[in-house]
Amino acid sequence: MRLRPLNPKLVPPAFLNCARVLRERGHLAYFVGGCVRDLLRGVSVADWDIATSARPEELLAIFPNAVPTGLKHGTVTLPTPAGNCEITTFRVESGYTDARHPDRVEFVTDVSQDLARRDFTVNAIAWDPLDKREEDPFGGRSDLTAGVIRAVGDPRERFREDGLRPVRAARFAATLGFDLDPDTEAALGDARDQVARVAPERIREELVKMLAAPQPSRGFEVLRRAGLLPIVLPELAQCVAVPQNRYHAYDVYYHTLHTVDAAPADKPAVRLAALFHDLGKPLTRVERNGDATFYNHQFEGERLATEAMTRLRFSREMTEEVAHLVQNHMFDYRPEWSDAAVRRFLQKVGTDHIADLFDLRIADNIGNGTKTGFPHYLEELRGRIEAVLEARQALTLKELKIDGGDVMRELGIPPGRKVGAILERLLDEVLEDPGLNERGRLLRRVREAFSVDRARA
């Protein structure tokens, strides 16, 4: 990789001013970590971090509006017009009883000591844009150029300190497109106990970042080779070496990785659904006439996806969205479908999910390894769906021209499940014949087809 020159003009003025104020007060100030790494790579910077010789109490005095987000570790967060800037005192750490946080923190005045506690060399470069001075004691620049993820110092010691670091190594392999240094990769497996103690939500954060990479498969392969996949995502580990049928070039695990890579990187729900879509195959695999079948694996996949995402503390909304895509990813369109069948398909899937479901099906198709491109039948189905949507035909209860109150008034019945059942029946009839969705016709239908006695049945 060819690195870009570090230029102070690339730093937002508000953040550069933070460093300038610290220098004016007699303290050292360096930009560190991911922001320096990404400036060198020539990509946009998401987070700006400054390391300084100023102690925490001095930081609060210098920046009265700073928020003490991690004061015992020397960190304050300073709101600026350009966003938040995290400022941390130079420190060394020792003792990691919980395999995540240091038991003891000592503040120091040497930036090299601070860099020595960091995870990987590419994240252990410090830059003072005011003096145009760079500190790179561990060869982070050369590793960036070579495309290598290398632990700072002894990798086993780094990973024993923090059980999240092996997962971060896998994530950086995917997001940066780098290879792991052999000694660093060899040390990953020795940190199984530490990785197992990491909070699920921290694992989730790394997985989400990994899934946003151009090729998430690079990261999952790092975890598999290190023996960490059963800890991070045991459901996916169960897919390794599970044979498929003649319609697939890969086993379930590698098919999953190819599908994830083919899914749109800017659609987190689709990437997650691609990751989980075939989790049910190991549990449903049956040999028939010398070939494998996976009958109803989508329902097992929906269950396993829900369990995995709940364990990893995903939001309920995201969990339900992904589970819905997994459950519906096996839809089977045929040209002989009636228009009513297309409407019922849309009603089942939901208009808000149809584009994501198509993206998942295309990725699944590519991930087979035997086909490429846009499945021809999807083009026909897409055209028929667009015609339904353009016609604004009712697909949900909300789109019926009457509601529960109308049903109760017409039949003289109280609120209850019977009202909902009648509306569902009416919707089913409207899906068959959209012309029935007129208020007068629906009210007549209620009176004629749902007498009080029938409503109570």
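Here, each number is a calculation from the coordinates, and none is a lab measurement. If you're wondering where the values come from, they're calculated on a predicted model, not measured in any experiment. No Cβ is skipped: glycine too gets one built from the backbone with ideal geometry, and neighbour counts run over all protein chains shown.
Extending 7 Å from the Cα toward the beta-carbon at both R25 and E287 defines two label points whose distance is 7.2 nm.
What is the gain in length, in nm to one decimal, between F331 and L389 on full extension, counting 0.36 nm per residue of separation less the C-alpha to C-alpha distance? Each step should come with its number before you reach the end.
On the way: separation 58, 0.36 × 58 = 20.88 nm, distance 1.92 nm.
Gain on extension, F331 to L389, equals 19.0 nm.
Is there a quick way to get the dipole size of the chain? I mean about its Cα centre, with the Cβ of Lys and Arg at +1 and of Asp and Glu at -1; what is the value in debye to the nearest 20? Present the calculation step by step, with values, prior to reporting the outcome.
On the way: 65 positive and 70 negative charges, 131 e Å.
So the magnitude is around 620 debye.
Using 1/(1 + (r/R0)^6) with R0 = 22 angstrom and r between the beta carbons of E307 and A196, what's the FRET efficiency to the nearest 0.05? Each step should come with its number before you reach the end.
Details: r = 18 Å, r/R0 = 0.80.
That pair, E307 with A196, gives E of 0.80.
The calculated FRET efficiency for the pair E380 and E317, based on their C-beta separation and a Förster distance of 30 Å, comes to about 0.40.
In the chain, the longest principal axis of the Cα atoms and the axis of helix 354-367 are about 70 degrees apart. Were the residues from T370 through A61 laid out at 0.36 nm apart, the gain over their Cα-Cα distance would be 104.8 nm.
For a Förster distance of 41 Å, can you work out the FRET efficiency between the beta-carbons of D183 and T97, rounded to the nearest 0.05?
Details: r = 26 Å, r/R0 = 0.63.
Working from the Cβ atoms, E equals 0.95.
Just grab the label-to-label distance for R156 and A46, each label 7 Å out from Cα along the Cβ direction, in nm (one decimal). According to this spin-label approximation, the distance is 3.2 nm. Which pairs break 23 Å Cα to Cα here: K398/K418; K281/K371; K267/K348; K209/K267; K267/K398? Over 23 Å apart, Cα to Cα: K267/K398. If the segment from D428 to F107 were pulled out straight at 0.36 nm per residue, it would be longer than the present Cα-Cα gap by 108.6 nm.
How many angstrom separate the Cα center of the stretch 322-356 from the Cα center of the stretch 21-96? The two parts, judged by their Cα centres, are 50 Å apart. About its Cα centre, the dipole of the stretch 128-195 is roughly 240 debye, where the only charges are +1 on Lys and Arg Cβ and -1 on Asp and Glu Cβ. Please work out the Cα center distance from the stretch 124-176 to the stretch 208-238, rounded to the nearest Å. For the stretch 124-176 versus the stretch 208-238, the Cα centre distance is 20 Å. For the chain, adding -39500 (n - 2.57) for each run of n ≥ 4 DSSP H residues and dividing by the number of residues yields -14500 deg cm²/dmol at 222 nm.
As a proxy for reagent exposure, F90, F294 were ordered by neighbouring Cβ count within 10 angstrom, fewest first; the result is F294, F90. Projected label points at A421 and R2, each 7 Å from Cα along the beta carbon direction, are separated by 7.3 nanometres.
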